[in-house]
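Trainee: Got a structure for you, questions after.
Any read-out appearing in this document is the output of simple, stated calculations on the displayed coordinates, not a laboratory observation. What you are looking at is a predicted structure, and each value in this text was computed from that prediction instead of being measured. Quick reminder, even Gly has a Cβ in these numbers, built from the backbone with ideal geometry, and neighbours come from all protein chains shown.
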Amino acid sequence: MIAALRKELLLQWRSRSQFFSVFIFGATALLLFSFGVGPNAEILRQFSAGFLWLGLLLSSTLTLAESFHAEMENRAMEGLILLPADPRALYYGKAVANWIQLTLLGSALVPVMVILYDAGTTRLLSLLGVIILGAAGLSAPGTLYAAMTSQVRAKQTLLPLLLFPLIVPALLASVKATSLVILGDPMQSLNSWMSLLLAFDAIYWSLCGLLYPRVLED
Amino acid sequence: MTQNTANQRFPRTPYILLGLGALLYVFGSYWGLFIAPKEQYMGDVQRIMYVHVPTAWNWMLAVIFAFVSAVIFLFTSNYKWDSRLEAGLEVSSLLAFLLCCQGSIWAKPTWGVWWDWDPRLTSVAVLLMAFLGVIALRNFVEDAARRAIWSSVATIIAAVDLPIVYFSVKWWNSLHQQQSSPKTVSSDFYIPLRVNAFAILFLMTGFIMLRARLASRRLAEETSVGPEATSLGEPMAGELG
């Protein structure tokens, strides 16, 4: 698994210009969301958490779809399957790499959010925690679905079609937790949302790892 | 591998179920519309419950059926269950769509809004979208083996999401009629409810059986190319008449 993870991270490092363009895409989405609301600073600040996560979600479809690009070119996937390695290791390597990438992307979008929506916070550590857990929720099912959709026609449509309904609980919990961090948390309910996220992550990281070997079979 | 056509042994069963279901449905709906007393607070609008609640029960059953088919297919690789999965996915999507429509029709006069972010309504809508995604996936994968495995995997992942969506939306926001059980409802109300529940159950089972049969025929046609195609196709085509 470590070898698979190293391979993924190396590939991502080599294509860092792609990461940069996805970041620009996410930042543009954040800019566009504010046009949907109008220049009302108070409302924008209230919705900032939702916008951040929608921006990250939209960008994630790009990075997830791209994560199987190398395997699809030159039919490298078949070579990987033939390796005497556990397919689960391949899955977790790629999922962890996607997780790291989405966490970086989410953290990179935070300053954009702070500037555009005036949604600053001093609890940066909590915010980072929410982003890490939320990105984990996106990347576990996202990697599995990307493995399927990367091999079919209409992959750009199918990946979001499958992924978006699925991650509703993770999205909901992330948005709620982020807005509690930004807008203050009078009821001390941040922890319950974090545990919901954690439960979602635990379920899907184990379930998707369990099912991934079947997806690779032919 | 695909000779296992689903439910060939009893070719007439689905038609009998459909006929029985339609009869019961007419009877139950008549009872619900004309015989059952008017509800005290909600008036005639409440009568939509006689279809809405049975649809909801049967939708749950259809989702469980699709989930179980997916699990059994992954364990056995028996294509009968792939066809059943396809049928379960489509029928449960239809029921979910009906549920959302009925819910909206009921919500507008009662709550004054078409849509409400209630946990049950939202979970049904989310699972409807997820299952439509799986159906779309099935349509885009040409290889039968891959299609079967991938859609089973996607169905399991989507069905596991259902309770999580339900509880997360419940925490998020709630305002729905408390669930009624037959014990809390007077007998005048629950007879049409029960009759319609069985009516929709029979209709649903009939549709699932027919749809599964169609799916296995398509699969047989797809996987048998060349001269065998005619020899495999003929007895099945004969059965249609």
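Trainee: Helix A:190-216 versus the longest principal axis of chain A: what angle, 0 to 90°, nearest 10, using Cα atoms?
Mentor: 20 degrees
Trainee: Shifting gears a bit: Can you give the helix-only mean residue ellipticity at 222 nm for chain A, where every DSSP H stretch with n ≥ 4 adds -39500 (n - 2.57) and the sum goes over all residues, rounded to the nearest 500 deg cm²/dmol?
Mentor: -28500 deg cm²/dmol
Trainee: Average partner chain C-beta neighbours within 10 Å, per residue of A:166-174?
Mentor: Counting Cβ atoms of other protein chains within 10 Å of each residue's Cβ and averaging gives 6.
Trainee: For the range B:7-102, rounded, prolate or oblate, judged on the Cα gyration tensor with a ≥ b ≥ c (square roots of eigenvalues), a/c < 1.5 rounded, else prolate if a/b > b/c? All intermediate terms of the calculation are to be shown ahead of the outcome.
Mentor: Numbers: a/c = 4.06, a/b = 1.92, b/c = 2.11.
The shape class here is oblate.
Trainee: Quantify how strongly other chains surround peptide B:136-146 by giving the mean number of their Cβ atoms within 10 Å of each of its Cβ atoms.
Mentor: Per-residue shielding by partner chains comes out at 4.
Trainee: Under unit Cβ charges (Lys, Arg +1; Asp, Glu -1), what dipole magnitude, rounded to 20 debye, does the protein assembly as shown have relative to its Cα centre?
Mentor: Around 340 debye, computed over the protein assembly as shown.
Trainee: A further question on this structure: Taking the Cα centre of the range A:39-170 as origin, sum charge times position over the Cβ atoms of Lys and Arg (+1) and Asp and Glu (-1), and report the length of that vector in debye to the nearest 20.
Mentor: Approximately 120 debye in magnitude.
Trainee: Report, in whole Å, the centroid distance computed from the Cα atoms of the range A:166-218 and the range A:18-77.
Mentor: Here the two parts' Cα centres lie 18 Å apart.
Trainee: So, one more: Can you spot the lysines whose alpha carbon is less than 19 Å from B:LYS108's alpha carbon? Ignore those fewer than 8 places along the same chain.
Mentor: Output for B:LYS108: B:LYS38.
Trainee: Still on this structure, please answer the following. Can you give the net charge of the other residues whose Cβ lies under 15 Å from the Cβ of A:VAL112, counting K and R as +1 and D and E as -1? It would help to have the intermediate numbers written out before the result.
Mentor: Details: positive: A:ARG45; negative: A:ASP118.
In short, 0.
Trainee: Let me ask another. Quantify how strongly other chains surround peptide A:208-215 by giving the mean number of their Cβ atoms within 10 Å of each of its Cβ atoms.
Mentor: Other-chain Cβ atoms within 10 Å of each residue's Cβ, averaged: 3.
Trainee: State the answer as a single residue: which of B:ILE64, B:PRO109, B:ALA136 lies farthest towards the positive end of the charge dipole of the range B:1-151, with beta carbon charges of +1 for Lys and Arg and -1 for Asp and Glu, about the Cα centre.
Mentor: B:ILE64
Trainee: Quick check on the exposure proxy: order B:LEU203, A:LEU62, A:LEU210, B:LEU85 from fewest to most C-beta atoms within 10 angstrom.
Mentor: On the way: B:LEU203 21, A:LEU62 17, A:LEU210 13, B:LEU85 28.
The fewest-first ordering by Cβ neighbours comes to A:LEU210, A:LEU62, B:LEU203, B:LEU85.
Trainee: Hey, another quick one. Mind checking the dipole of the range B:91-154: about its Cα centre, +1 per Lys or Arg Cβ, -1 per Asp or Glu Cβ, Debye to the nearest 20? Walk me through the numbers on the way to the answer.
Mentor: On the way: 5 positive and 4 negative charges, 14 e Å.
The dipole magnitude comes to about 60 debye.
Trainee: Shifting gears a bit: Provide B:SER83, B:SER123 in ascending order of the number of other Cβ atoms located within 10 Å of each residue's Cβ, fewest first.
Mentor: Starting with the residue having the fewest Cβ neighbours, the order is B:SER123, B:SER83.
Trainee: How many nm is it between the label spots at A:LEU198 and B:GLU142, if each spot is 7 Å from the Cα in line with the beta carbon?
Mentor: Taking the two extended label points, one gets 4.8 nm.
Trainee: Calculate how steeply helix A:124-149 sits against the longest principal axis of the alpha-carbon atoms of chain A, using the helix alpha-carbon long axis, and give the answer as 0 to 90 degrees to the nearest 10.
Mentor: Long axis of A:124-149 versus the principal axis of chain A: about 40 degrees.
Trainee: Which of B:ASP116, A:ASP118 has the fewest other C-beta atoms within 10 Å, and how do the rest follow up to the most?
Mentor: Ranked by crowding around the Cβ, least crowded first: A:ASP118, B:ASP116.
Trainee: Semi-axes of the equivalent ellipsoid of the protein assembly as shown: what are they in whole Å, largest first, if each equals the square root of 5 times a C-alpha gyration tensor eigenvalue?
Mentor: The three semi-axes for the protein assembly as shown are 41, 34, 16 Å.
Trainee: Label the range A:152-218 by shape, choosing from rounded, prolate and oblate, from the square roots a ≥ b ≥ c of the eigenvalues of the Cα gyration tensor; if a/c is under 1.5 it is rounded, and otherwise prolate applies when a/b is larger than b/c, oblate when it is not.
Mentor: Values: a/c = 5.28, a/b = 1.98, b/c = 2.67.
It comes out oblate by the Cα gyration axes.
Trainee: Give me, ordered by chain and number, the residues 5 or more places off A:ALA85 or on other chains with an amide H under 5 Å from its own placed amide H.
Mentor: HN-HN under 5 Å from A:ALA85: empty list.
Trainee: State whether the range A:49-186 is rounded, prolate or oblate according to the following rule on the C-alpha gyration tensor (a ≥ b ≥ c being the square roots of its eigenvalues): a/c under 1.5 gives rounded; otherwise a/b larger than b/c gives prolate, and the remaining case gives oblate.
Mentor: Cα axes put the range A:49-186 in the prolate bin.
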